[in-house]
1. Among the listed pairs K100/K290; K235/K289; K234/K289; K206/K235; K234/K257; K235/K257, which have their C-alpha atoms separated by more than 19 angstrom in this model?
2. Where both partners of a DSSP beta bridge lie in the range 169-268, what percent of those bridges are antiparallel, to the nearest 5?
3. If each residue's Cβ is checked for other Cβ atoms within 10 Å, how do V230, V224 rank with the fewest at the top?
4. Ranked by Cβ crowding within 10 angstrom, fewest neighbours first, how are D167, D25 ordered?
5. Take the Cα atoms of the range 175-270, find their three principal axes, and give me the spread along each one in whole Å, biggest first.
6. Counting other beta carbons within 10 Å of each residue's own, what order do Y231, Y42 fall into, fewest first?
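Derivation of every value follows stated rules applied to the coordinates shown; laboratory data play no part. For clarity, every value in this text was computed on a predicted model and none was experimentally measured. Every residue, glycine as well, gets a Cβ built from its backbone with ideal geometry; the counts of neighbours run over all protein chains shown.
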Amino acid sequence: MAKIFTYIPTIILIVATHISIAQTDIQQTNYMFNELSFNPAYTGSTGNIRATVLARKQWLGFETSPLTQTLCVDNNTRFGGIGLNIIHDQLGYERSLYAKLLYSYTAQLSEKTALTAGFAAGVIHRSLDGSMLEFQDEITPDPSAIFDNQGEIKPTIDFGLQFLHKDFAIGLSSAHLHTSLQQASIFNMPRHFYGYAQYRVQAGEKLAFVPTVYAKSGSNVYQVEANTNVYFNKKFWLGASYRLDESMVALAGLIVKEQIYIGYAYDFNVGDVSPHSYGSHEIFISFRKKPAPPQSGFYQSTRLFN
């Protein structure tokens, strides 16, 4: 197990620095509570019937700053994890609507070790209101320029892996697998890559620390962020994150009877956008219900907090 921790930085770096082009998928701060949005292998991993709604308003101060809403629903069944992921994302005059079905299957390697493979398939509707755009050269514009409201529906296919061992979890995934980098366009999302690692440190009966590293690549840039949440008596949490060259984040949340999770995050911009923005707000609420115990020894996640 110790060797796995040695390889984590290398794995995350490979995922983060993979080069791709054009548009990127959504940005979110509470990714550790919304893993289905980037890795279908987490489908059903909590062992609960779960429904999570997340809303994010990014870069306050800009008139057409990014606005994102997500809905994730999943369940752990005797045949594997099943789920639904819906995402609405608005960036300037672009809009995207994702709808995907998810499935995962877990191979039990030992009593406390499991490997899960996940698959997602669905459609993405992307639109752009070209009538709101301003062009530098109005006399001889780019022949590929869009001057009216256009939209297209494209398929999407995602695949992910998740490895669990006691209180440690690591995940690797890729979205839009069917789209090569050369085929990417304003209406055809390029391939994305994600890496995720989390470890729970129990410090007594009422206190736990959960550090997480998250990396993604989906354009000519990559993004890496680190987070630590501190849980108090399984009732609430406080946390902090740093997104490389972009923002510092404060997080807080409340757990109601181990069934309702309510979380909030505020991003303090530290990059080039900081003089022009008042930061970003994000809130989520997650409902969870434990199903009846399975008849066989089906594996359930040891990640008690997520």
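1. K100/K290
2. 100 percent
3. By the 10 Å Cβ count, ascending, the order reads V230, V224.
4. D167, D25
5. 52, 31, 21
6. Y231, Y42
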